[in-house]
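Here's the structure, in structure tokens; my notes come after.
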Amino acid sequence: MTRKLVAEFIGTAWLVLGGCGAAVLAAAFPHVGIGLLGVSLAFGLTVLTMAFAIGHISGCHLNPAVSVGLCVGGRFPVGELPAYVVAQVLGAITGAGVLYVIASGQAGFDVHAGFASNGYGDHSPGGYSLLACLLSETVMTFAFLFVILGATHGRAPQGFAPIAIGLCLTLIHLVSIPVTNTSVNPARSTGRALFAGDWAISQLWLFWLAPLVGAALAGLVYRWLSPDEPVPFEVSGHR
């Protein structure tokens, strides 16, 4: 169990450092900024790379919503859920801390400008309403878990789960960065909000509620769609 938790800690730190680092450091860099497409790919690549690296150790959840969705879907023991969530949140905070130190090395850096935090209303990148952001996060997390559950099904092609899951997260970011800056991951949102403070913390509730609800719904729906699933084989990415 200790090895699983350390793997989740490292993996979640990598997700935040890689994905949010791309948004903070590289998205608008003069002349070679990677933009929305680049940030979306960065998030997908963090999951894909870590899925191959630690999928066989911890399942590479990197996300409390993923752990909850797999638990509801009958793929993950509820007794391990609290420890996984703690490891993921601590990993996200650590990744955000490393990024903060790096970003602070540039003159004029202002963490309160957002620090790639998630928000709604006035703090939505596109000015989207609370309802729109709540729906977006719920639906996107539902889709993410639906793909995870399908890609790691006992009859799914072996070895391809990390690719499907990484590309799904890329697609999710392509759609929803303008809406909420894309969370679908309460740990990622928490790590950033603790550094940005103020509004990011006050709006954090939505980025716990919506992903957890969307993930639980996906677990229920997929379990209903596939009630006779064979024992899942071990997959590099999720199990």
Mean residue ellipticity (222 nm) of the chain, computed from DSSP H runs ≥ 4 via -39,500 (n - 2.57), nearest 500: -20500 deg cm²/dmol
For segment 87-147: rounded, prolate or oblate by the Cα gyration tensor [a/c cutoff 1.5]: oblate
Of all accessible heavy-atom area on the chain, the percent that carbon and sulfur account for (1.4 Å): 71
The chain: DSSP helices with Cα axial extent of at least 24 Å and average Kyte-Doolittle hydropathy no lower than 0.5: 35-58, 81-103, 130-151, 161-180, 206-225
Per residue solvent-accessible surface (Å²) - the chain, probe of 1.4 Å: 43
Orientation-averaged projected area, Cα convex hull of segment 22-121 (nm²): 8.5
Rel. contact order, % - alpha carbon contacts under 8 angstrom, at least six apart, the chain: 32
Distance cut-off 24 Å, percentage of C-alpha pairs in the chain lying past it: 39
Two-decimal Rg to Rh for segment 176-219 - Kirkwood Rh, Cα set: 0.99
Extended-chain gain in nm, criterion 0.36 nm per residue less alpha-carbon gap, ASP110 and ILE57: 15.3 nm
Neighbour net charge for PHE9 - beta-carbon separation under 15 angstrom, K R +1, D E -1: +1
Descending Cα extents along the principal axes, segment 117-200, whole Å: 46, 24, 16
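The values are calculated or read from the model by the stated rules, or taken from the named source; none is laboratory data. These numbers come from a predicted model, not from an experiment. Using ideal geometry, Cβ is built from the backbone for each residue, glycine included, and neighbour counts are taken over all protein chains shown. These accessible areas exclude ligands, DNA and RNA; they are computed on the full protein's heavy atoms, side chains included. Shrake-Rupley method; radii C 1.70, N 1.55, O 1.52, S 1.80 Å.
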